[in-house]
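Reviewing the structure listed below.
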Amino acid sequence: MIFDWAYAWDILPRFAPALWVTLQATLAGMMIALTLGLVLALLRRSPVAWISWPAAGLIEFVRSTPLLMQIYFMFYVLPEIGILLPAFTAGAMGLGLHYAAYCAEVYRAGLESVPRGQWDAASALNLGAWHTLRRIIVPQAVARVVPALGNYLVAMFKDAPLLSAITVVEMLQLAKMIGAESFRYVEALTLVGVFFLLLSLCAAALMHALERRLQVAHA
């Protein structure tokens, strides 16, 4: 089948709502992943066993099970115990929880890479543990792991089509629907591929800019 540019331009506006859904789901999921991942990393590094072991267990469980299964669980299983979530919310939470486990390990590596002397210096200045973490340790750790976190942002964009399994109409699902209408899949799927490429390149560029800015701030 020959690519028809006229048909591609004709269906292009139909992707705007689906593109917005993909962006929202990815950004919401990333905010959850960044926040929850840091919390899990701090809990896992706790010297108290009954805090660190459950956190480690949750991280390993989430990393060792498929993202699609977790999304299904959010949307189809939680209602069985009275927790009803809209499809979009369940999908964004599934993405966020899944990637939080990976971000937690990235944060943990960053926290452990901060020299012990930073803790000793803060202790010598009579700073509390929370103040030391918030103002000294965590900013340095985050600056070191921005490239790895950026990789997960790009990966999350590419995993967003899994939300179609719980009835969320994102870009790939819309492309399949358009193809089913006209039996022309080439143009719709090509447009989706271009959209994902552009989104990934923009996300990577933003993370590179953030990395440079953090490096200058902590130089």
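The values are calculated or read from the model by the stated rules, or taken from the named source; none is laboratory data. All values reported here derive from a predicted model rather than from experimental measurement. Counting neighbours? That spans all protein chains shown, and the Cβs are built from the backbone with ideal geometry, glycine included.
Below is a table of values for the structure above.
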quantity: Selection from segment 177-219 of residues that are basic (Lys, Arg) and either surrounded by 16 or more Cβ atoms within 10 Å (Cβ to Cβ) or in a loop (DSSP other than H, G, I, E, B) (or both); calculated: ARG184
quantity: Subset tally (residues that are within 20 Å of ALA55 (Cα to Cα) and surrounded by 12 or more Cβ atoms within 10 Å (Cβ to Cβ)) for segment 109-133; calculated: 4
quantity: Out of VAL146, VAL106, VAL138, sole residue that is surrounded by 18 or more Cβ atoms within 10 Å (Cβ to Cβ), in contact with an Asp or Glu (Cβ under 9 Å, 6 or more places away or on another chain) and under 24 Å from ARG63 (Cβ atoms); calculated: VAL146
quantity: Enumeration of residues in segment 160-185 that are aromatic (Phe, Trp, Tyr) and touching a Gly at 6+ places or on another chain (Cβ under 7 Å); calculated: TYR185
quantity: Options VAL154, VAL138, VAL146: the member that is part of a helix (DSSP H, G or I), under 15 Å from the mean Cα position of the chain (by Cα) and over 30 Å from ALA175 (Cα atoms); calculated: VAL146
quantity: Hits in segment 5-54 (condition: touching a Lys or Arg at 6+ places or on another chain (Cβ under 7 Å) and closer than 19 Å to LEU191 by Cα); calculated: TYR7
quantity: Residue in segment 40-73 that is farthest from ILE137 (Cα to Cα), counting only those that are touching a residue at least 60 places away in the same chain (Cβ under 8 Å) and assigned to a helix (DSSP H, G or I); calculated: TYR72
quantity: Segment 162-174 - residue that is in a helix (DSSP H, G or I) and in contact (Cβ under 8 Å) with a residue 24 or more places away in the chain and, of those, surrounded by the most Cβ atoms within 10 Å (Cβ to Cβ); calculated: LEU163
quantity: The lone exception for PHE157 - which of (1) modelled with pLDDT of 90 or more; (2) closer than 17 Å to LEU23 by Cα it fails; calculated: (1)
quantity: Residue pairs meeting the criteria (Cβ under 9 Å; at least 6 apart or on separate chains; first under 22 Å from VAL145 (Cβ atoms), in segment 113-125; second exposed (fewer than 11 other Cβ atoms within 10 Å of the Cβ)); calculated: ALA122/GLY128
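Per-residue answers, yes or no, for (1) within 20 Å of GLY150 (Cα to Cα); (2) touching a Phe, Trp or Tyr at 6+ places or on another chain (Cβ under 6 Å); (3) crowded, with 20+ Cβ neighbours inside 10 Å:
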position: TRP5; (1), (2), (3): no, no, no
position: ALA8; (1), (2), (3): no, no, no
position: ALA16; (1), (2), (3): no, no, no
position: LEU40; (1), (2), (3): yes, no, yes
position: SER46; (1), (2), (3): no, no, no
position: ARG63; (1), (2), (3): yes, no, no
position: PRO86; (1), (2), (3): no, no, no
position: ALA90; (1), (2), (3): no, yes, yes
